[in-house]
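Trainee: Can you keep this structure in mind? I'll have questions shortly.
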Amino acid sequence: MEAVILAGGLGTRLRSVVSELPKCLAPVGGRPFLEYLLAYLAGSGFTRVVLSVGYLKEAVMDFVNGREWPFEVAWAVEEEPLGTGGAIRLALSECIEDKVFILNGDSFFPVDFGAMSLEGPVGIALKPMRHFSRYGAVRTRSGKVVAFSEKAFCEEGLINGGVYVVDRKKLDMASLGAKFSFEKDVLEPLSGEGIIDASVQDRYFIDIGIPEDFERAQYELPEYFSVKRASEEALLSGASTLFLDRDGVVNRHLPGDYVRSWSMFAFLPGVLEEFPKWARSFNRIVMVTNQRGVGKGLMSDEDLADIHSRMQKEIEAAGGRLDAIFACTSLSEDDPSRKPNTGMFESAAALFPDIEARDSVMIGDSASDAEFASRCGMRFILV
């Protein structure tokens, strides 16, 4: 598998927060943004990556060449700005495969590359989104892109996720000038012919091109990779039962507060993508969560039940499942069901007699979760 990353952007909209680096090297959670992209490609089985560079190219080259990567690295160097189309055409000339994936160097959209169809010259990954105006909407029909709309407020629709797959033999850009836009001069005309393959993937997406989303990326991207790492460890454990803590594992923990209503609940980035994998791999998936907010009177049992009902519906809509949820609302450290005490595990084992501690794994985010797993006799993975 071969990929191109467009890493030559000027990043003019980020100058207020990142002034002396190319946009792809903007620091996110203490790491260059490009490192997240390359890590995802490495984990997706790519064997060759071509980086298209221009603005401050030496900085990008120094970063990439100073690390070891599990794939071959090649370069396409713009001596002057060529536009997205010119940059892609130059990068494709450095590729060796006929089928090549192309990614924007300032957005992260971890698609399933194998699910992207390519019958014509180009396939595009589309992200479902609600209440947006920053991006133009994309219209599809029968699995093909048929139109790109100008930026305007849209209640619900699809956006261009900035991930493409192209067939170098079928995509002809030779007649275009030295500088051109891939979006305007290639994709829009092809959409009129109905030959762009559309792959709708409702996965995590972030574009760091503006300061607000750059700041959001500071915590969301580390969260995403933390969830992915914990999930991979759990899947490799060979266990038949998965135990999950809730806050800090499935949804974002609120320091100094409690998730007291559904409006305060936010799934961690990428976690909904993991639930279908867990559903296929584990016989049982059980949530065990301390919920002191109820015991403190900050929320009711009905509030907690509503949160969990809505949470389960979202998980099931994503293709996953939870077989049971056990919540301890007691404030007493001596309550047998309050983690790290083992009461919730015992309740799960009583409900599902096939559950055994030695054949279980727990994902949690605290010392209490780790102690709970240890007392039960199961393996533990920290988020």
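Trainee: Using a simple spin-label model with points 7 Å from Cα along the Cα→Cβ vector, what separation in nm is obtained for residue 167 and residue 62?
Mentor: 4.3
Trainee: Skipping prolines and chain starts, which residues have an amide H placed within reach, meaning under 5 Å, of the one on residue 253, given they are 5 or more residues away or on another chain?
Mentor: 248
Trainee: Hey, what's the stretch 71-110 come to in accessible area per residue, 1.4 Å probe, Å²?
Mentor: On a per-residue basis, the stretch 71-110 sits at 39 Å².
Trainee: Take the alpha carbon atoms of the stretch 98-124, find their center, do the same for the stretch 293-335, and report the distance between the two centers in whole angstrom.
Mentor: After rounding, the separation between the Cα centres reads 38 Å.
Trainee: Right, next: Could you list the residues of the stretch 174-200 with an amide nitrogen less than 11 Å from a label point located 7 Å from the Cα of residue 141 in the Cα-to-C-beta direction?
Mentor: 192-194
Trainee: What is the percent carbon and sulfur in the accessible area of the stretch 1-147, measuring with a 1.4 Å probe over the protein chains and ignoring ligands?
Mentor: 49
Trainee: Using a probe of 1.4 angstrom, how much of the accessible area of the stretch 236-303 is carbon and sulfur, in percent?
Mentor: Exposed carbon and sulfur together represent 48 percent of the surface.
Trainee: Also, quick follow-up: May I ask you to give the percent of accessible area on the stretch 308-383 that is carbon plus sulfur, with a probe radius of 1.4 Å?
Mentor: Details: 1730 of 3660 Å².
That fraction is 47 percent.
Trainee: Separate question: Sort 77-83, 37-43 by packing, meaning the average of other beta carbons within 10 Å per residue, with the highest value first.
Mentor: Highest mean packing first, the order is 37-43, 77-83.
Trainee: Would you calculate a helix-derived [θ] at 222 nm for the chain, using -39,500 (n - 2.57) for each DSSP H run of n ≥ 4 and dividing by the full residue count, to the nearest 500? Don't skip to the end; give the middle numbers.
Mentor: Numbers: 10 runs with 113 residues, N = 383.
Mean residue ellipticity, 222 nm, calculated: -9000 deg cm²/dmol.
Trainee: Output the peptides 369-375, 200-206 sorted from most to least packed, where packing is the average of other Cβ atoms within 10 Å over each peptide's residues. Display every interim value, and only then the final one.
Mentor: Details: 369-375: 20.0, 200-206: 18.4.
Listed from highest to lowest mean packing, they are 369-375, 200-206.
Trainee: Specify which residue in the list 352, 295, 182 is farthest towards the positive end of the charge dipole of the chain, using unit charges on the beta carbon of Lys, Arg (+1) and Asp, Glu (-1), about the Cα centre.
Mentor: The residue sitting most towards the positive pole is 182.
Trainee: Provide the per residue accessible area, probe 1.4 Å, for the stretch 298-358, rounded to a whole number of square angstrom.
Mentor: 53
Trainee: Express the accessible area of the stretch 203-294 per residue in Å², computed with a 1.4 Å probe while the remaining protein chains stay in the model.
Mentor: On a per-residue basis, the stretch 203-294 sits at 36 Å².
Trainee: Note down the nm distance, to one decimal, between modelled labels 7 Å out along Cα→Cβ at residue 93 and at residue 331.
Mentor: 7.2
Trainee: On to the next question. Please list the radius of gyration and Dmax for the stretch 129-249, considering alpha-carbon atoms only, with Å as the unit.
Mentor: Computed over the Cα atoms of the stretch 129-249, radius of gyration and Dmax are 19.2, 58 Å.
The values are calculated or read from the model by the stated rules, or taken from the named source; none is laboratory data. Because the structure is a prediction, the values reported are computed rather than measured. Every residue, glycine as well, gets a Cβ built from its backbone with ideal geometry; the counts of neighbours run over all protein chains shown. Accessible surface is based on the protein model in full, side chains and every heavy atom, while ligands, DNA and RNA are left aside. Shrake-Rupley method; radii C 1.70, N 1.55, O 1.52, S 1.80 Å.
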